[in-house]
1. Each residue of segment 325-342 in order: what ³J(HN,Hα) in whole Hz does its phi give by Karplus 6.51 cos²θ - 1.76 cosθ + 1.60, θ = phi - 60°, with x for Gly and Pro?
2. Please report the carbon-and-sulfur percent of the accessible area for the chain; probe 1.4 Å, protein heavy atoms only, DNA, RNA and ligands left out.
3. Between helix 310-320 and the chain, what is the angle of the helix's C-alpha long axis to the longest principal axis, kept within 0 to 90° and rounded to the nearest 10?
4. Check Ala152: other-chain or 5+ apart residues with amide H under 5 Å from its amide H, H built from backbone geometry?
5. Could you run the Karplus curve 6.51 cos²θ - 1.76 cosθ + 1.60 with θ = phi - 60° over segment 142-158 and give me ³J(HN,Hα) per residue in whole Hz, x for Gly and Pro?
6. If you take every residue apart from Gly322 with its C-beta less than 15 Å away from the C-beta of Gly322, what net charge results, scoring Lys and Arg +1 and Asp and Glu -1?
7. Find out how many positive minus negative residues lie around Leu203, taking Lys and Arg as positive, Asp and Glu as negative, among other residues whose Cβ is under 13 Å from that of Leu203.
8. Compute the relative contact order of the chain as a whole-number percentage, counting only Cα pairs closer than 8 Å that sit 6 or more residues apart in sequence.
Amino acid sequence: MSSAGPGAREALETRESHRTGCGHTAVVAGVGGWVPPRVVTNHDLSARLDTSDEWIRSRTGIARRHVIARDGATSDLAVEAGRLALKSSGTAEADAVVLATTTPDHPCPATAPEVAHRLGLGGAAAFDVAAVCTGFLYALATGQGLIAAGSAERVLVIGADAFTTLVDPQDRSTAVIFADGAGAVVLRTGDPAGDGALGRVFLGSDGSRSGLIQVPGGGSRQRAKDRSAVGGDCYFRMHGQETFRQAVDRMATASRDAVGSAGWRLRDVDRVVAHQANARILGALADELDVPPGRMLSNIEHVGNTGAASVPLLLHEAHAQGRLEAGNRLLLTAFGGGLAWGATTLVWPRLGH
Ligand code: COA
């Protein structure tokens, strides 16, 4: 563990230079996460798909994943994670709810207002953010912006996805990877020099590669009402190998930017909390950043790729298990469809459970 030491002054100056609007700093004040109870193992998938436990483990690092109930929806996951994050923050209040998801309960309206209502936060600002697996970092930046501008004092930021509802059950290249879950943090106004203060969130996108990860049908381009045209195109499609290369490159670049902006060096980072896309992507990212593998947190083995939930779910789990300690320097990074990517830093604060 290394708490603020060399470079702390630079980090403070950097954080202060990124304050905007009224100049309030967003600080992480609580964390929560939840996965649905139903577990599907690689052996379960092998019984109905031309795949094997050995193939899935060796190519992805996944052994099992959690799958939403047949009558469940994304809001159910988001409410559970949000409730735990509020409890961890020590108060049930928030004046905004930002939900990152690619699997809203309905195409219209957004899911966040229902989540806010079910959490007893009716009346709060509530909206969804769509940035696929990078959604949580985009939502975090949005919450940080609301606080910086003085538009909110406490923001519940949730990442929740029920990707198994979008995946073609017959497509072995995606059905083995994607899963369901939710994670959340509470942001509040706080001290830029204190633990928990978010660094600058570096975000990027490349729409020229939007076809790499796509649900082709069901939107305004290929309309759901024209069922004969949409057919199986309502399922998630992915070009795995190019996605793999892009994921490593984009997360590495964003990570360097975020760490540099915090006034740290990569070797100062105690824990990397990266989107759990694939264990081999995490290994390649560790190599690229020259971070010892032991500093790369991972839970992909038992949750799979949970989309926007991935980063906050891992934060929650690592916090609950004591794998994150107050004072740890964290690098958060994510990548996904869009393409979209992002990274930021924070010093992990002392949080409740
Ligand atoms: N079981 C068995 N074989 C499978 C399989 C599965 N579940 N999925 C694909 N295959 C087969 C392919 O059909 C192909 O067979 P072929 O050679 O006869 O055509 C072979 O395995 C190799 O496919 P390939 O796509 O080259 O495998 P890969 O080593 O690239 O691994 C992924 C595939 C999807 C695991 C890998 O590309 C990946 O993880 N990409 C990144 C995905 C990702 O993280 N997406 C989310 C970003 S947010």
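The values are calculated or read from the model by the stated rules, or taken from the named source; none is laboratory data. Quick caveat, the model's predicted, so the values are computed rather than measured. We place every Cβ from the backbone using ideal geometry, glycine too, and count neighbours over all the protein chains shown. The protein model used for the area step is the full one, side chains on, heavy atoms only, and it has no ligands, DNA or RNA in it. Shrake-Rupley method; radii C 1.70, N 1.55, O 1.52, S 1.80 Å.
1. 10, 4, x, 4, 8, 10, 10, 9, 8, 8, 8, x, x, x, 4, 8, 8, x
2. On the way: 7150 of 14670 Å².
Taking all protein chains in place, the chain shows 49 percent carbon and sulfur surface.
3. Once rounded, one gets 60 degrees.
4. For Ala152, whose amide H was placed from the backbone, the distant partners under 5 Å are Ile147.
5. 5, x, 4, x, 4, 6, 4, 7, x, 7, 8, 10, 9, 10, 8, 10, 10
6. Taking every other residue near Gly322 into account, the sum is 0.
7. On the way: positive: Arg200, Arg250; negative: Asp206, Asp257.
Here the charged neighbours net out to 0.
8. On the way: 902 pairs, mean separation 93.7, N = 353.
It rounds to 27 percent for the chain.
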